[in-house]
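First up is the structure itself, then whatever we jot down about it.
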Amino acid sequence: MTGAGLIPEGAQLERVATGARWAEGPVWLPERRAVRFSDIHNNRILEYLVDTGLLEEYNRNAEYTNGRTLDRDGVVIECSHGLRAVCRDTGTDVEVLVDSWHGHSLNSPNDVVVKSDGTIWFTDPTYGISRPEEGHVGSPEYGDAFVFRVDPSTGDLSAVVTDVVMPNGLAFSPDESILYVADSSAATPDRAAKPLEGAGHSIHAYDIVGGRRAKNGREFAEISPGIPDGLRVDTNGNVWTSSADSVQIFTPDAAQIGSIPVPETVANLCFGESGRLFITATTSLYSIQTNARPA
C-alpha cells in the first residue's frame, strides 16, 4: 500500500459489509452517518450505518440504480439504469429529473456529480440496456453514449462530452476548471472507435469553459489492470480511481503516487467524514482511513 503521505502509517483496509452481488454507487450521508450504495445485480439499495456497523436494506426493486451524489441541499441525486433516468430521492419519493434528450430515451445513466452552480453532470453508457443483470434490455435510441449537463431549474439538457466511447465515472477538479471522465469501453469491445478511445481503459480530462462547456479533451491517465469506473478528487486535486485490483491515486499532473490494494474488483469509491475512504468492490464495502479530504 502506497500513498505519498495520503495513507496514514499503519492504516488497514477493512471489509465493513458484504453480501452484495455487484456493489456500486456509494455516497456518504452525513446526517445519517451512513454510506448508501447499490447492489445492482440484486436490484436493491443498501445502507451501512457507521455508528452501529449494521447493513440495512434501504430499498428493493430499486430499478437498478447506480451512481449517486448529493445536491447542494443534501438530497440524493441518483442514476437509474432501469428508468433510464437521473432522479432525486428525497427519502419519501423518487422524482425523475431527466430521462430523454431530443425526444429519445437516455441509455442508462451511470454516474453523476453536482457542480457548485447546482447543475447536474452525468454519464450515459449502455450497460443498463445491454446487460440484463444491470437493467432492462433495450436499444440506444440516440445512437451513442455521452456525458450530459442538466440545469434542474430550467430542465435544459445538453451533451457536453461526445468523444469518449463508454463514459463511466466522472468528477470535477477542486476549482471545477477540469472535468475528469472515465472510459470503460475496454469492457465493451464491440463499441465503435472514436477519436479519444485510446485503449478503452483511460481517464480523460476536459477544460470547462464558461462553466458549462467541456473543451480540449485529452487522455489523463491509462488505468491498468482493468478499467476505471468510479473516481473522486481530493482537495489537492489528486484523482482517486477504481481499477481491477486497487484504488489508484494520481496527482493533477497524472503521476501515479499511490495505490490501495483491494481483494475484490473495485467498482467505485467515496469519502466519508474525517478522510475515511469507502470502496465498493464486487460483493463488499471496504473502508480505510486516509489523510485526504474530498474536493
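FYI, it's all coordinate maths here, none of it is from the lab. No experiment lies behind these values; they were computed from the predicted model shown. FYI the Cβ positions are ideal-geometry reconstructions off the backbone, even for glycines, and counts take in every protein chain you see.
Gly272 sits among other residues whose Cβ lies under 15 Å from its own Cβ, and their net charge, with Lys and Arg +1 and Asp and Glu -1, is +1. Computed from the C-beta positions of Gln256 and Asp51 and an R0 of 45 Å, the FRET efficiency is 0.85 to the nearest 0.05.
A Förster distance of 25 Å, applied to the separation of the beta-carbon atoms of Asp151 and Asn216, puts the FRET efficiency at 0.65. Converting phi to 3J(HN,Hα) with the Karplus coefficients 6.51, -1.76 and 1.60 and the offset θ = phi - 60°, the range 27-37 yields 9, 8, 10, x, 5, 9, 6, 9, 9, 9, 8 Hz in sequence order, with x at every glycine or proline.
Couplings 3J(HN,Hα) for the range 78-86, derived from phi with the Karplus relation 6.51 cos²θ - 1.76 cosθ + 1.60 (θ = phi - 60°), are 9, 9, 10, 4, x, 7, 6, 8, 9 Hz, where x marks Gly and Pro.
Computed from the C-beta positions of Tyr142 and Thr90 and an R0 of 45 Å, the FRET efficiency is 0.95 to the nearest 0.05.
Sequence-distant contacts, meaning Cα pairs under 8 Å at least 6 residues apart, place the relative contact order of the chain at 17 percent.
A helix-only calculation puts the chain at 0 deg cm²/dmol for mean residue ellipticity at 222 nm, using -39500 (n - 2.57) for each DSSP H run of at least four residues, averaged over all residues.
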